[in-house]
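Trainee: Just dropping this structure here.
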Amino acid sequence: MNAVRIESRLILLIGPPRSGTTLLMRMLQAHSQVYSRPEPHLFGPLAHLGYYDTVEKAPFDQFQAADAVRALVTDLPHGEQDYLDACRAYVDVLYSRLLDGKGGGRRYFVDKTPANALVLPFLTKLFPRAHYIVLTRHPAAVFSSYASSFFDGDYEAARRFNPILNRYIPPMAALLRERPVPLEHVRYEQLVMQPENEMRRLCRFLSLEFEPAMVEYGTQQLEGQGLGDPLTVNRQQRPVTDSIERWAPELARSSEKLALVREMLDAIDDRDLEAWGTPRPTLWQPLQAAGAAGEDNRIRWNRFLLQRKLLVWLRRDIHQRSHGRWIKRIRDACDILLRG
């Protein structure tokens, strides 16, 4: 089998969590020649097998494994290139057969896994001729959505768990500046304001004919949903603009939240913010309008919000609360049963 057969059929959608990657994946997937499924998470584990990086904790000696794989690669006829060929073959078998099987022979497969942005040097070395689409969104909007969706608006807890702005912006900005691979940069704000223009541009990049269904994606039967995917994207018929500056009134009302987001962004290089599409001098302009206009603060309840709040409540201090102890007992019991 040709180990790079999938490369020309692979679209790698690069973006942080809560940046609009689910929306853009749905729009791409509405094209008759594009197939996708929720976040495959293939590349992160591959990048941490030991040759390029290691995991911090594993059910085996990851440091011994890393030493072993590096020694093995040294003995291969073409060294690192042979190792990359082996990694490509793994992805090639899975994605090619997925495309030709459930994908119905469509031309492209979209891998939309936010964590791919954290292994970009490995990914661009592995598939330098794949089609990269890099999606950015105002950093404050990204973090506001992340904290609200997964931490019930607790910004400090969200940062402690995952400081996504400081983890995702620098490597993605480096990719946008250096452009070691073919890529198109899409800004979320432009995508929802001018969806047809943006999708026509992406179709040119992918050598596809534009199809109106890509904008009216809600009319299409689409595949599955990932655990972190917003339900609102699935309910919509087409992109909407009401989330563009939803973050601004929230930060305008809370000096603590604003200070926390400022602190994260102060640690990011000016060049990175400019490459991202939000130069530092323009970063906080939406706050001025938000403070003057005010906002309807009423919570609009729906199944998605209820589900998120329940998960946040269950997860909070779970190791110290009674239901956490019961969940651990149930897990231990399940381990014993499955072991037999």
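The values are calculated or read from the model by the stated rules, or taken from the named source; none is laboratory data. The structure displayed is predicted, hence computed values, not measured ones. Don't worry about glycine lacking a Cβ; one is built from the backbone with ideal geometry, like all the others, and counts go over all protein chains shown. Surface accessibility is based on the protein's heavy atoms, side chains included, excluding ligands, DNA and RNA. Shrake-Rupley method; radii C 1.70, N 1.55, O 1.52, S 1.80 Å.
Trainee: Residue check, Leu94 against (1) part of a loop (DSSP other than H, G, I, E, B); (2) touching a Leu at 6+ places or on another chain (Cβ under 9 Å), all met but one. Which one?
Mentor: (1)
Trainee: Can you tell me which of (1) open to solvent by less than 80 Å² (accessible area, probe 1.4 Å); (2) more than 24 Å from the chain's Cα centre (by Cα); (3) at pLDDT below 95 is the one Leu99 doesn't meet?
Mentor: Unmet for Leu99, out of (1) open to solvent by less than 80 Å² (accessible area, probe 1.4 Å); (2) more than 24 Å from the chain's Cα centre (by Cα); (3) at pLDDT below 95: (2).
Trainee: Still on this structure: Restricting to the range 195-219, what's the tally of residues that are among the hydroxyl-bearing types (Ser, Thr, Tyr) and either within 21 Å of the chain's Cα centre (by Cα) or under 17 Å from Gln236 (Cα atoms) (or both)?
Mentor: Residues flagged as among the hydroxyl-bearing types (Ser, Thr, Tyr) and either within 21 Å of the chain's Cα centre (by Cα) or under 17 Å from Gln236 (Cα atoms) (or both) within the range 195-219 amount to 2.
Trainee: Please verify whether the range 80-95 includes one or more residues that are under 26 Å from Pro139 (Cβ atoms) and more than 15 Å from the chain's Cα centre (by Cα).
Mentor: Checked the range 80-95: no residue is under 26 Å from Pro139 (Cβ atoms) and more than 15 Å from the chain's Cα centre (by Cα).
Trainee: Please state which one of Arg37, Arg18, Arg9 is on the phi > 0 side of the Ramachandran plot and among the basic types (Lys, Arg).
Mentor: On inspection, the qualifying residue turns out to be Arg18.
Trainee: Next question, about the same structure. Mind listing whichever residues of the range 144-158 are of a type outside the set (A, V, I, L, M, F, W, C) and surrounded by fewer than 22 Cβ atoms within 10 Å (Cβ to Cβ)?
Mentor: Answer for the range 144-158, where residues must be of a type outside the set (A, V, I, L, M, F, W, C) and surrounded by fewer than 22 Cβ atoms within 10 Å (Cβ to Cβ): Ser145, Ser148, Ser149, Asp152, Gly153, Asp154, Glu156.
Trainee: If you don't mind, there's one more thing I want to ask. Could you tell me how many of the residues in the range 123-143 are surrounded by fewer than 22 Cβ atoms within 10 Å (Cβ to Cβ) and of a type in the set (D, E, K, R)?
Mentor: Qualifying residue count, the range 123-143: 2.
Trainee: Within the range 99-112, can one find any residue that is part of a loop (DSSP other than H, G, I, E, B), touching a Phe, Trp or Tyr at 6+ places or on another chain (Cβ under 7 Å) and among the basic types (Lys, Arg)?
Mentor: yes
Trainee: Looking at the range 161-173, I want the residues that are touching a residue at least 12 places away in the same chain (Cβ under 8 Å) and over 13 Å from Pro17 (Cα atoms) and have a partner that is assigned to a helix (DSSP H, G or I) and among the aromatic types (Phe, Trp, Tyr) with Cβ atoms under 6 Å, at least 6 apart or on another chain. Which pairs are those?
Mentor: Going by the 6 Å Cβ cut-off, the qualifying pairs are Ala173/Trp276.
Trainee: Would a scan of the range 51-62 turn up a residue that is more than 30 Å from Phe143 (Cβ to Cβ), open to solvent by less than 10 Å² (accessible area, probe 1.4 Å) and assigned to a helix (DSSP H, G or I)?
Mentor: There is no residue in the range 51-62 that is more than 30 Å from Phe143 (Cβ to Cβ), open to solvent by less than 10 Å² (accessible area, probe 1.4 Å) and assigned to a helix (DSSP H, G or I).
Trainee: Among the numbered criteria (1) closer than 22 Å to Asp269 by Cβ; (2) outside any helix (DSSP H, G or I), which one does Leu123 miss?
Mentor: Only one criterion in (1) closer than 22 Å to Asp269 by Cβ; (2) outside any helix (DSSP H, G or I) is unmet by Leu123, namely (2).
Trainee: Of all residues in the range 159-202, count the ones that are open to solvent by less than 40 Å² (accessible area, probe 1.4 Å) and part of a helix (DSSP H, G or I).
Mentor: 17
Trainee: Of all residues in the range 245-291 being more than 21 Å from Ala173 (Cβ to Cβ) and not in a helix (DSSP H, G or I), which is least open to solvent (accessible area, probe 1.4 Å)?
Mentor: Only one residue fits best here, namely Ser254.
Trainee: Could you look through the range 222-244, keep only residues that are over 19 Å from Pro212 (Cα atoms) and at pLDDT 70 or above, and pick out the one that is most open to solvent (accessible area, probe 1.4 Å)?
Mentor: Going through the qualifying residues, I end up with Asp242.
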